[in-house]
1. Going by what's in this entry, would residue 284 be described as farther than 25 Å from residue 239 by Cα and in the same structural domain as residue 35 (by TED's automatic domain parsing)?
2. Restricting attention to the range 237-272, which residues are outside any loop (DSSP other than H, G, I, E, B) and farther than 17 Å from residue 294 by Cα?
3. Within the group 256, 266, which residue is surrounded by 20 or more Cβ atoms within 10 Å (Cβ to Cβ) and in contact with a helix residue (DSSP H, G or I) (Cβ under 6 Å, 6 or more places away or on another chain)?
4. Quickly run through the range 117-134 and pick out the residues that are surrounded by fewer than 24 Cβ atoms within 10 Å (Cβ to Cβ) and under 26 Å from residue 299 (Cα atoms).
5. If you go through the range 72-91, how many residues are closer than 26 Å to residue 302 by Cα and touching a helix residue (DSSP H, G or I) at 6+ places or on another chain (Cβ under 9 Å)?
6. Pick out the one residue from 234, 220 that is surrounded by 14 or more Cβ atoms within 10 Å (Cβ to Cβ), part of a strand (DSSP E or B) and either touching a helix residue (DSSP H, G or I) at 6+ places or on another chain (Cβ under 8 Å) or not assigned by TED's automatic domain parsing to the domain that holds residue 289 (or both).
7. Pick from 178, 187, 241: which is buried (at least 17 other Cβ atoms within 10 Å of the Cβ), in contact with a helix residue (DSSP H, G or I) (Cβ under 7 Å, 6 or more places away or on another chain) and either under 23 Å from residue 115 (Cβ atoms) or at pLDDT 95 or above (or both)?
8. For the range 281-356, please list each of the strands (runs of 3 or more DSSP E) lying entirely inside it that holds at least 3 residues being more than 29 Å from residue 43 (Cβ to Cβ) and in contact (Cβ under 8 Å) with a residue 40 or more places away in the chain.
């Protein structure tokens with residue numbers, strides 16, 4: 001879709017979008033292609049997001065994942081538990097507490113682990129990747145590895161993508177923002193020193209199903225590698241958010257990873273908008289080409305581990321009461337404190353049965369964002 005600079009104005013608006021609406025009117029973003037395509041800013045007399053009820057399956061779903069019982073929490077042979085999915089992407093949760101008893105290879109897509117808590121190592125065929133809280137660990141499709149946690153309280157937000165996951169391009173800010181490429185950790189081959197055994201199991205995921213192949217030798221036994229396809233990690237503390245003290249930037253400004261069908265956005269603490277006539281909180285928006293999921297890593301007023309899914313087309317954003325309370329507390333020198341991971345997908349995400357059942361059992365944990 002080509003970008004158009006043909007702009008029209010009708011009725012009462014602000015000259016600069018997002019500025020001058022506080023206490024005067026309610027602004028809504030109606031846009032295509034996330035925040036990068038054609039868009040109209042709609043100005044309401046009344047709060048557009050004052051929802052009474054929804055009849056049907058459309059709705060914002062949220063859950064506190066720290067109490068979510070995943071398949072791999074008690075079964076070392078199990079995979080991560082899907083929370084929502086479409087034909088391109090699965091987002092899910094892992095709470096693996098025991099070592100994988102086999103080498104594992106996922107041929108359904110790239111795997112991106114975000115470490116909410118826990119420590120351990122992904123023992124890949126390319127070499128070990130040690131992890132800690134705040135790490136993104138990217139394992140390309142087909143990588144052979146074992147997940148070996150050293151703590152039993154790990155919590156991982158997992159994205160599986162059919163299309164290759166790559167770093168998002170931010171050409172306007174140069175090569176060293178939002179992070180210096182040399183901060184990326186790339187594994188080096190090692191001899192893991194695992195004891196000899198008669199046979200070695202390689203568990204393979206293919207088409208959503210699992211098979212096991214058995215070998216006389218360890219499938220993780222590389223003595224060297226070279227090329228431009230390999231697993232890697234980067235910690236969110238090394239990501240520098242692009243910011244402005246005059247206007248709230250679109251979330252795509254903070255995209256860390258992307259494919260043609262989704263993006264992974266990292267929300268990080270940063271300077272807040274100092275102009276008190278500008279909106280600091282996101283506009284109410286329909287985001288009609290993307291489903292949005294958010295995983296809360298840290299927030300001073302919310303429990304960590306909240307997962308929220310907002311489907312495309314449904315208006316969402318902070319309520320009018322939250323906006324009013326927030327604007328009363330704003331100060332020019334304030335900083336944003338949210339740390340979160342958002343996976344936005346072009347195709348609608350279908351909530352899994354596991355997520356739906358969890359919300360039914362623990363409805364008080366549902367916290368709309």
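1. yes
2. Selection gives 237, 238, 259, 270, 271.
3. The unique qualifying residue is 266.
4. Hits for the range 117-134 are 117, 118, 119, 120, 130, 132, 133, 134.
5. 5
6. Within the list 234, 220, the selection yields 234.
7. That would be 241, the only listed residue that is buried (at least 17 other Cβ atoms within 10 Å of the Cβ), in contact with a helix residue (DSSP H, G or I) (Cβ under 7 Å, 6 or more places away or on another chain) and either under 23 Å from residue 115 (Cβ atoms) or at pLDDT 95 or above (or both).
8. Output list reads 291-298, 339-345.
The values are calculated or read from the model by the stated rules, or taken from the named source; none is laboratory data. Keep in mind the model is a prediction, meaning the values are calculated, not measured. Positions of Cβ are generated from backbone atoms using ideal geometry, with glycine treated the same way; all protein chains shown enter the neighbour counts.
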